[in-house]
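Asker: The structure follows.
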Amino acid sequence: MKTAFPCWDNRIAPVFDTARQIYIAELEAGRMVREGQEPLAAGPNGHCVCPQCGQQEPHQRGVPCIERRCPNCGAAMIRQ
């Protein structure tokens, strides 16, 4: 079984949207057989989507979608 946890500042992050790394643990028969961290990035393409009204805006490189506000309703946008 593989399990992934979002990491932020070398701690388990409460949400994935702010994490830049994930911690992956692989278990077999109740024992850890492999563990490590890997980068978590969506890349430069994609869209920011409003979870309230569905408005889509092109993602701007270097600007996390969560920091952008929907131009229609003002809600924080999420990455698609």
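Asker: Tell me which residues, restricted to segment 15-51, are free of Cβ contacts under 8 Å to residues at least 12 places away in the same chain and in contact with a strand residue (DSSP E or B) (Cβ under 8 Å, 6 or more places away or on another chain).
Answerer: If the condition is that a residue be free of Cβ contacts under 8 Å to residues at least 12 places away in the same chain and in contact with a strand residue (DSSP E or B) (Cβ under 8 Å, 6 or more places away or on another chain), then V15, M32, V33, R34 are the ones that fit.
Asker: Any chance you could count how many residues in segment 16-32 are part of a strand (DSSP E or B) and loosely packed, with under 11 Cβ neighbours inside 10 Å?
Answerer: Of the residues in that region, 3 qualify.
Asker: Next up: So, of the residues in segment 34-53 that are exposed (fewer than 13 other Cβ atoms within 10 Å of the Cβ) and among the aliphatic types (A, V, I, L, M), which turns out to be farthest from R11 (Cα to Cα)?
Answerer: A42
Asker: Oh, and also: Among the residues in segment 6-13, are any of a type outside the set (S, T, N, Q) and in a helix (DSSP H, G or I)?
Answerer: No, there is no match, as no residue in segment 6-13 is of a type outside the set (S, T, N, Q) and in a helix (DSSP H, G or I).
Asker: Pairs only if they're at least six apart or on different chains, beta carbon under 8 angstrom, first in segment 52-63 and farther than 17 Å from G74 by Cα and not assigned by TED's automatic domain parsing to the domain that holds M77, second assigned to a loop (DSSP other than H, G, I, E, B) and at pLDDT 95 or above; list them, first residue then second.
Answerer: Pairs that qualify, where the first residue is farther than 17 Å from G74 by Cα and not assigned by TED's automatic domain parsing to the domain that holds M77 and the partner is assigned to a loop (DSSP other than H, G, I, E, B) and at pLDDT 95 or above: there are none.
Asker: Let me ask something else about it. Look at R61 and say whether it is basic (K, R) and under 13 Å from the mean Cα position of the chain (by Cα).
Answerer: Here the answer is no, as R61 does not meet what is asked.
Asker: Would you tally the residues in segment 54-80 being assigned to a loop (DSSP other than H, G, I, E, B) and surrounded by 13 or more Cβ atoms within 10 Å (Cβ to Cβ)?
Answerer: 7
The values are calculated or read from the model by the stated rules, or taken from the named source; none is laboratory data. Because the structure is predicted, anything quoted here is derived from the model rather than measured. All Cβ positions, glycine included, derive from the backbone under ideal geometry; neighbour counts span all protein chains shown.
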